[in-house]
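*Asks:* What follows is a structure written as structure tokens; I'll ask about it next.
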Amino acid sequence: MDVALLSRIQFALTIGFHYIYPPISIGLGLLLVVMEGLWLKTKRPEYLQMTKFWTKIFGLVFAVGVATGIVMEFQFGTNWSNYSRYVGDVFGSALAAEGVFAFFLESGFLAIVLFGWDKVRPGWHWFATWMVMLGSHFSAVWIIVANSWMQTPAGFHIVDTPTGPRAEITDFWAVVFNPSTVDRLTHSFMGAWQAGAWLVLSVSAFYLIRNRHTDFAKASMKIAFVLAIVASLGQLTTGHGSAVTIAETQPAKLAAFEGQFEDNLPNAPLSIIGWVDEANRQTKSLAIPGMLSWLISGDTDYEVTGLNAFPEDEWPPVNTVFQMYHLMVAIGMALIGLSLLGGVLSWTGHLFKMRWLLWIMVLTVLLPQIGNQIGWAAAEVGRQPWIVYGLMKTVDGISPTVSAGAVMASLVLFTIVYLGLFVMFIALLDKKIKTGPGTYGQYAKEGRRA
């Protein structure tokens, strides 16, 4: 394998492993604000109980997320120096803003959230929880600004330098609000909220199956289902908005998503499931005629741009992108159904007696994670062969002095280390779940003291 492919695999490994944790912390942080706010309003000890328990889980997720995120950023200098030199003025600004305005905010107040229960007044502790939640969301904002600029560059010009051309910012806010930022940001938030909500739902369902901490589990599930429903429906609407934007700014990617080869095709079908034969430029699928045209424009006669409008060397791997995109959509629809079904049954009390459905809820914690990973991969692979869409190809962004052997060696080492970190994370998470949230009476006494 060549250096470019190995470097792409290495970056996919590191960012994929890192991306397990930030979505959980974003969704869980929002739930912590709600849970603690309910405790402050009602003084009911079960809300204090769940806030303290899920705060411990949040701390564990945050720690592993930080450890994996730092490594990821070093690769821009080691493996992708040509890319970093070309876009450093733009990309570096967004990453710097993430550190200054998001990471420091989140990590600075996290100590109060974790250890400040007896050190500050309850209202100030809730304020710290708000800051941690906002910090995790702001972190996503700046990372997605940077990545969205790679998808739809704006607010820059190209200047010649002694080391070659490079992009420089001419309008910072045009960079921030480039054409795809808002759609991709809201879509990512919905996925993150689902990841946090379904972690709470999964653990709560496990407690109910084991007949442990049942009051805690029922109360946690009712709160988490609200977020799961909002996020799953929000994922559908923001995904539609993102697809409309892609049709305008990255038509080759949308064509790959749908396996659409014919150019300027009216009444374009929306594929439900299928297989793409790239060699013969055909897609065999179960499809709804005219639905793609209608979803993009509101008119079935709208002509959709196909892959035939682009040189073949500018196509992404079409069938790979097609399958990832449709798996993401299928997971999203499944989460809508499970969220609505579980929410209704939990509020009526029937869910707590349905062991088979509770087991499904336990396992569903994997679906948001798979959906987030597959969705991100579809967006990144669908952009190929461009690392900065329309400006720089991926093969031109790699470091010229890095050898394939060096990348392979570091890839093997990263894999070993990350597997160790993941085993450690699962072991610690399992220990905290088995230990449980403590007794109801304990938190009743703490609530009265507060």
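*Asks:* Counting just the residues of region 159-187 that are closer than 25 Å to A140 by Cβ and either touching an Asp or Glu at 6+ places or on another chain (Cβ under 6 Å) or aliphatic (A, V, I, L, M) (or both), which one comes out modelled with the lowest pLDDT?
*Replies:* Filtering region 159-187 for residues closer than 25 Å to A140 by Cβ gives 167, 169, 171-187.
Still in the list and also either touching an Asp or Glu at 6+ places or on another chain (Cβ under 6 Å) or aliphatic (A, V, I, L, M) (or both): 167, 169, 174-176, 182, 185.
Working: A167: 85, I169: 88, A174: 90, V175: 88, V176: 88, V182: 91, L185: 92.
Ranking the qualifying residues of region 159-187, first place goes to A167.
*Asks:* Another question, then. Please go through (1) surrounded by fewer than 20 Cβ atoms within 10 Å (Cβ to Cβ); (2) under 30 Å from L411 (Cβ atoms); (3) β-branched (V, I, T) for I26 and return the number of the only condition it doesn't satisfy.
*Replies:* (1)
*Asks:* Also, quick follow-up: Suppose we keep only residues that are in contact with a strand residue (DSSP E or B) (Cβ under 7 Å, 6 or more places away or on another chain) and of a type outside the set (D, E, K, R) within region 238-260. Which one would you say is surrounded by the most Cβ atoms within 10 Å (Cβ to Cβ)? Reasoning before the result, please.
*Replies:* Residues of region 238-260 that are in contact with a strand residue (DSSP E or B) (Cβ under 7 Å, 6 or more places away or on another chain), as a first pass: 258-260.
Those still in the list that are of a type outside the set (D, E, K, R) too: 259-260.
Details: G259: 28, Q260: 26.
This residue is G259.
*Asks:* Based on this model, can you work out whether S297 counts as surrounded by fewer than 16 Cβ atoms within 10 Å (Cβ to Cβ) and over 21 Å from the mean Cα position of the chain (by Cα)?
*Replies:* Here the answer is yes, as S297 does meet what is asked.
*Asks:* Right, another one. When you scan region 351-360, do you find a residue that is surrounded by 21 or more Cβ atoms within 10 Å (Cβ to Cβ), assigned to a helix (DSSP H, G or I) and either more than 20 Å from the chain's Cα centre (by Cα) or charged (D, E, K, R) (or both), even just one?
*Replies:* yes
*Asks:* Could I ask something else about it? What is the residue count in region 41-76 for residues that are within 25 Å of the chain's Cα centre (by Cα), without any contact (Cβ under 8 Å) to a residue 24 or more places away in the chain and surrounded by fewer than 19 Cβ atoms within 10 Å (Cβ to Cβ)?
*Replies:* Counting residues in region 41-76 that are within 25 Å of the chain's Cα centre (by Cα), without any contact (Cβ under 8 Å) to a residue 24 or more places away in the chain and surrounded by fewer than 19 Cβ atoms within 10 Å (Cβ to Cβ) gives 4.
*Asks:* Where residues in region 194-237 are in contact with a Leu (Cβ under 9 Å, 6 or more places away or on another chain) and farther than 22 Å from E46 by Cβ, which of them is surrounded by the most Cβ atoms within 10 Å (Cβ to Cβ)?
*Replies:* Q194
A quick yes/no check of all residues on (1) small (G, A, S); (2) farther than 17 Å from E98 by Cβ; (3) without any contact (Cβ under 8 Å) to a residue 12 or more places away in the chain; (4) surrounded by 21 or more Cβ atoms within 10 Å (Cβ to Cβ):
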{"residue": "V145", "(1), (2), (3), (4)": "no, no, no, yes"}
{"residue": "W149", "(1), (2), (3), (4)": "no, no, no, yes"}
{"residue": "A154", "(1), (2), (3), (4)": "yes, yes, no, no"}
{"residue": "T161", "(1), (2), (3), (4)": "no, yes, yes, no"}
{"residue": "R166", "(1), (2), (3), (4)": "no, yes, no, no"}
{"residue": "T170", "(1), (2), (3), (4)": "no, yes, no, no"}
{"residue": "V175", "(1), (2), (3), (4)": "no, no, no, yes"}
{"residue": "T186", "(1), (2), (3), (4)": "no, yes, no, no"}
{"residue": "G191", "(1), (2), (3), (4)": "yes, yes, no, yes"}
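The values are calculated or read from the model by the stated rules, or taken from the named source; none is laboratory data. Owing to the predicted nature of the structure, the values given are computational and were not obtained by experimental measurement. Don't worry about glycine lacking a Cβ; one is built from the backbone with ideal geometry, like all the others, and counts go over all protein chains shown.
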